[in-house]
Amino acid sequence: MTIPNKPADTSAHLADLIRNRWSPRIFDPTHLLSAEQIQSLGEAARWAPSSSNQQPWHVVFLTQGSKLFQEISEKGLTGFNQAWAPSCSLYAVMLARQTEKGKARDQAGTYFDLGLASMQMVMQAEAMGLKSHFMGGIVPLEIEKTLNVKDHWVVCVIAIGKQASLEAASEDLIARETAERTRLPSESVYSVDKPLS
């Protein structure tokens, strides 16, 4: 049984939790999360930092086998995501609040806060022995309709579950799962004590 493990090849020391986090697409469709595990993921998002502690997000968790999980799998995902994502244990539908006390929120700042909550939740999943995969290939209007979303932007859906082996996967999926992890050069993403050129 082959389950890929792809720690990042970094140029400086990183915590194992960060080095080992990557985004597989092969999940065990028989693996279900307990209510306690889902609550831990929700609490991780709840305790993320946010501007003025406003927490401008809402996470809708959809469990494997539920009617809403099935509907999002069929109508809320696009392209290749429809082929692999339904094998995960849980969808986390990430919503960003559009207003605060009757006033329109700044979208960029709100998305930034949601990103913090999303990543904190994903790192909690990693600490629990789970894997996750962010999906931007979604159909926001279908998700809004299915989940009765109001006053929120549908930003992304995160697939969470137990990573599974390559044996039963398609050649295309195996190629993606075993591809080398790459990043831009360090100088492209951070600098120290110098302005941008």
The number of residues in segment 82-102 that are under 17 Å from I26 (Cα atoms), under 13 Å from the mean Cα position of the chain (by Cα) and not small (G, A, S) is 3
Filtering segment 147-181 for residues that are polar (S, T, N, Q) and at pLDDT below 95 leaves a count of 3
Residue hits (segment 1-32; of a type in the set (A, V, I, L, M), surrounded by 14 or more Cβ atoms within 10 Å (Cβ to Cβ) and under 16 Å from the mean Cα position of the chain (by Cα)) are I26
(1) of a type in the set (A, V, I, L, M, F, W, C); (2) outside any loop (DSSP other than H, G, I, E, B); (3) under 25 Å from P29 (Cα atoms); (4) in contact with a Ser or Thr (Cβ under 9 Å, 6 or more places away or on another chain) all hold for L166 apart from (2)
Test: H31 is under 27 Å from H152 (Cα atoms) and in contact (Cβ under 8 Å) with a residue 24 or more places away in the chain: no
Sole miss for E144 among (1) touching a strand residue (DSSP E or B) at 6+ places or on another chain (Cβ under 7 Å); (2) at negative phi; (3) touching a residue at least 12 places away in the same chain (Cβ under 8 Å) is condition (3)
Within segment 79-110, residues of a type in the set (S, T, N, Q), outside any loop (DSSP other than H, G, I, E, B) and either surrounded by fewer than 22 Cβ atoms within 10 Å (Cβ to Cβ) or touching a helix residue (DSSP H, G or I) at 6+ places or on another chain (Cβ under 8 Å) (or both) come out as N81, Q82, S87, T99, Q107
If I filter segment 55-69 for residues that are among the hydroxyl-bearing types (S, T, Y), under 15 Å from I158 (Cα atoms), in contact with a Gly (Cβ under 9 Å, 6 or more places away or on another chain) and in contact (Cβ under 8 Å) with a residue 12 or more places away in the chain, do I get at least one hit? no
Scanning segment 147-169 residue by residue, those without any contact (Cβ under 8 Å) to a residue 24 or more places away in the chain and on the phi < 0 side of the Ramachandran plot turn out to be K150, A168
Residue pairs within 7 Å by beta carbon, gap of at least six or interchain, first lying in segment 8-20 and free of Cβ contacts under 8 Å to residues at least 40 places away in the same chain and more than 17 Å from Y190 (Cα to Cα), second in a loop (DSSP other than H, G, I, E, B) and not acidic (D, E), listed first then second, are R19/P7; R19/A8; R19/T10
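The values are calculated or read from the model by the stated rules, or taken from the named source; none is laboratory data. In this text the structure is predicted, and so the values were computed from the model without any measurement. Note: ideal-geometry Cβ built from the backbone for every residue, glycine included; neighbour counts use all protein chains shown.
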